[in-house]
Amino acid sequence: MRRIKIIKIMAIISATLVVGIGSYWQHRLTPLRKTRGAQTSIPTIFVGGDYARAFSTDGFVHRLTAAHLMTKGLVVHVSHAGHVTVQQFGPLKRQPNDSGYLCR
C-alpha cells in the first residue's frame, strides 16, 4: 500500500513538473511572438565565438525559429586545428540582384 502511494505521489510530481516547464517555456516565447521584424534579402550571420557550444546557442536559435524570426540555414564549425565542417539545414537561394546567397 505504501509503495502505491509513493508511485502516485511521484506521478503527480512528474506531471506537475512537465506542465510547469511547458508553461514556463511558452511564457518565455511570448515577447518573441509579439516582435515583428522587416524581412530583407540580406542574410544575418551569427558568430558564436570561442567557447560557444550547442548547449549555449541552440536554445536561442530554437526560440527565434519558433517565433518565426529566423531560419537556421547553414552551420559552419571550425575546430581548433582549423578543420572546417559545414551543415546545411535549409535551401540556399541565389538572389537575382545579389552576388550572395540567402537562407530561406
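Do you know which of the residues in the range 1-22 that are small (Gly, Ala, Ser) and either exposed (fewer than 10 other Cβ atoms within 10 Å of the Cβ) or farther than 25 Å from residue 68 by Cβ (or both) is nearest to the chain's Cα centre (by Cα)? Lay out the reasoning, then the answer.
We begin by selecting, within the range 1-22, every residue small (Gly, Ala, Ser); these are 11, 14-15, 20, 22.
Subsequent filtering for residues that are either exposed (fewer than 10 other Cβ atoms within 10 Å of the Cβ) or farther than 25 Å from residue 68 by Cβ (or both) retains 11, 14-15, 20.
Working: 11: 30, 14: 25, 15: 25, 20: 20 Å.
Top of the filtered list is 20.
Can you tell me which of (1) modelled with pLDDT of 75 or more; (2) of a type in the set (Ser, Thr, Tyr); (3) loosely packed, with under 10 Cβ neighbours inside 10 Å is the one residue 51 doesn't meet?
Condition not satisfied by residue 51: (1).
Is it the case that the range 63-78 has a residue that's exposed (fewer than 12 other Cβ atoms within 10 Å of the Cβ), modelled with pLDDT under 75 and either within 13 Å of the chain's Cα centre (by Cα) or not polar (S, T, N, Q) (or both)?
no
Taking residue 36 as the residue in question, decide whether it is surrounded by fewer than 10 Cβ atoms within 10 Å (Cβ to Cβ) and either within 17 Å of the chain's Cα centre (by Cα) or at pLDDT below 90 (or both). Steps first, please.
On the way: surrounded by fewer than 10 Cβ atoms within 10 Å (Cβ to Cβ): yes; either within 17 Å of the chain's Cα centre (by Cα) or at pLDDT below 90 (or both): yes.
Answer is yes for this residue.
Mind checking which pairs have a first residue in the range 27-38 that is in contact (Cβ under 8 Å) with a residue 24 or more places away in the chain and more than 11 Å from residue 64 (Cα to Cα) and a second that is assigned to a loop (DSSP other than H, G, I, E, B) and among the hydrophobic types (A, V, I, L, M, F, W, C), Cβ under 7 Å, 6 or more apart or different chains?
37/69
The values are calculated or read from the model by the stated rules, or taken from the named source; none is laboratory data. Everything quoted here is computed from the prediction, not taken from an experiment. Glycine gets a Cβ as well: all are built from the backbone with ideal geometry, and neighbour counts include every protein chain shown.
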